[in-house]
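Input: a single structure, listed below in structure tokens.
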Amino acid sequence: MSLLVVGLSHRSAPVSVLERAALDPEARGKLLQDAVSAEPVTESAVLSTCNRIELYADVDKFHAGVAELSTLLARHSGVDLEELTPYLYVHYEDRAVHHLFSVACGLDSMVVGEGQILGQIKDALAVAQEQHTAGRLLNDLFQQALRVGKRAHSETGIDKAGQSLVTFGLEQLAAGRDVEGWAHGKRALVIGAGSMSSLAATTLVRNGIGELAVANRTVERAERLVAILTEPGGPGAAGGLTARAVAMAGVEDELALADIVVSCTGATGLVLTGGAVAAARAGRTAPLALLDLAMPRDIDAAVHRIEGAHLVDIESLADASADAPMAADVDKVRGIVSDEVAAFGAAQRAAHITPTVVALRTMAADVVTSEIARLDGRLPDLDDKQRAEITQTVRRVVDKLLHAPTVRVKQLASEPGGAGYADALRELFDLDPQTVAAVSRADTRGGSHEARERA
């Protein structure tokens, strides 16, 4: 396995650096394409969230891979490589698998145990598949990471160790009060209509807010979210919620009416300036609570200094989460991750030798076919029944001779350090490397299912 991940997160970099390095969807697509175009890289995927940017790749050279992925991250994030390098971490092979599985379980999240990361991993895989940059290794890796994350949440109490960033952020705004009691009947403004904003709107509605405005650059998306929230059976249908969609041009007017503001857009500049918030506060006595979940930030940090405005952003969430209690179930999740990493590594090592085993059996079948043809030339008087019996006997002999060594070599190859057994098998039986490579390519495309079954 030649899996490499280079990235930075809230654990390795200050929020100011993460904010500058954030990738928009277009930059992520270009990064994926540039990565697979690089010489040491054959597959790539990007996991980009509000508190991490990670580039995963299948590489054939470790040092060249690290240099290339680091350079690409710097180029597409717009942060100079020399400045970015101190904040980058590198994981390779089993350690890279362990890292992603830990991320999927919420162990590496700002709020331990939060489950939203699973959706973000799913999105990262979907984008890599759409861009045709994910091959067998990354498809297997990300799909298994999703299964491991779901297993951790279903088999342990990791959910009790933390919540989503939205819930955690609202708890910080409520400052120790019950969120439902604090939010009940208030007016809320949600800026953005993506997955995080939708989660924020839904959470606010379920906590009993009385009025909701959703602002988005594409008003149709805001209208869709409002419709989902207020439709029969929706979270706001039974509570008398008043909800509406507004254009971004109307945000400052809505700000003057709101008690709670949650913003999470993909904008590269500020959505709410300090001046806009100060103007909204003019003449008001009721406090204004603002939650900024965007990276880079949507709300000017100067709002922290405005009287009557309480801003919680990614930076303050990171500080608060450092003191959050960790559930005892975290140890159980770590055990699950360790077991799953070992199983994934064994499966990948076993899969690595499969093309060689298939090539060996193909060569043996070709030898049988050739020898039966020669036998037909020597004994032309054999009837069909005799010829079939001889053919079957020879095939059984070959299968029995190959069975034990091929089973054993797959077992040995699945163990740590077992990668060399494929090379030994090719050398011992003088297998054509191009034949093995052809089987491997077919396996990557999913076209060699029968061959894998036979092997």
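For segment 177-244, the spherically averaged projection of the C-alpha convex hull amounts to 4.1 nm².
Taking a ≥ b ≥ c as the square roots of the eigenvalues of the Cα gyration tensor, an a/c ratio of 1.5 or more together with a/b larger than b/c marks segment 15-78 as prolate. Hydrophobic, long helices, defined as DSSP H runs whose alpha-carbon span along the helix axis is 30 Å or greater and whose mean Kyte-Doolittle value is at least 0.0, occur in the chain at 329-378. Here the dipole of the chain is about 760 debye; that uses its Cα centre as origin and unit charges on the Cβ of Lys and Arg (positive) and Asp and Glu (negative).
Each of the peptides 106-113, 331-338 was scored by the mean count of other Cβ atoms within 10 Å over its residues; in descending order, highest first, they stand as 106-113, 331-338.
Per the Cα gyration tensor, segment 47-202 maps to an equivalent ellipsoid with semi-axes of 32, 19, 15 Å, ordered largest to smallest. Here the mean projected area of the convex hull built on the C-alpha positions of the chain is 27.8 nm². The apolar share of the surface of the chain, taken as the fraction of accessible area on carbon and sulfur atoms (1.4 Å probe, ligands and nucleic acids excluded), comes to 51 percent. When the P(r) is computed for segment 58-147, the part past 18 Å accounts for 56% of the Cα-Cα pairs. Using a cutoff of 8 angstrom between alpha carbon atoms and counting only pairs six or more residues apart, the relative contact order for the chain works out to 13 percent.
Accessible surface for the chain, divided over its residues, is 47 Å² per residue with a 1.4 Å probe. Remark: relative contact order (segment 260-302) = 64 percent; criterion is Cα-Cα distance under 8 angstrom and separation of 6 or more residues.
Given in Å, the Rg to one decimal and the Dmax to the nearest whole number for the Cα atoms of segment 134-216 are 17.0, 51. Size estimate for segment 217-354 follows the Kirkwood approach: the inverse of mean 1/r over distinct Cα pairs works out to 18.9 Å. For Lys332, the lysines whose Cα comes closer than 24 Å to its Cα, not counting residues fewer than 8 places off in the same chain, are Lys122, Lys150, Lys160. Taking a cut-off of 25 Å, what percent of all Cα-Cα pairs in segment 292-395 are separated by more than that? The calculated P(r) of segment 292-395 puts 66 percent of pairs beyond 25 Å.
With K and R counted +1 and D and E -1, the other residues having a Cβ less than 14 Å from that of Asp313 yield a net charge of -4. Our coupling estimate for segment 6-19, obtained by passing each phi through the Karplus curve with A = 6.51, B = -1.76, C = 1.60 and θ = phi - 60°, is 10, x, 9, 8, 4, 7, 10, 9, x, 4, 4, 6, 4, 4 Hz, Gly and Pro reported as x.
When the charge dipole of the chain is built from unit charges on Cβ atoms (+1 for Lys and Arg, -1 for Asp and Glu) and taken about the Cα centre, the candidate among Phe142, Thr156, Gly192 whose Cα reaches farthest toward its positive end is Thr156.
The values are calculated or read from the model by the stated rules, or taken from the named source; none is laboratory data. What you see is a predicted model, and the numbers here were worked out from it, not measured in a lab. Cβ atoms come from the backbone with ideal geometry, glycine included; neighbour counts cover every protein chain shown. The area values use the complete protein model at the heavy-atom level, side chains included, leaving out ligands, DNA and RNA. Shrake-Rupley method; radii C 1.70, N 1.55, O 1.52, S 1.80 Å.
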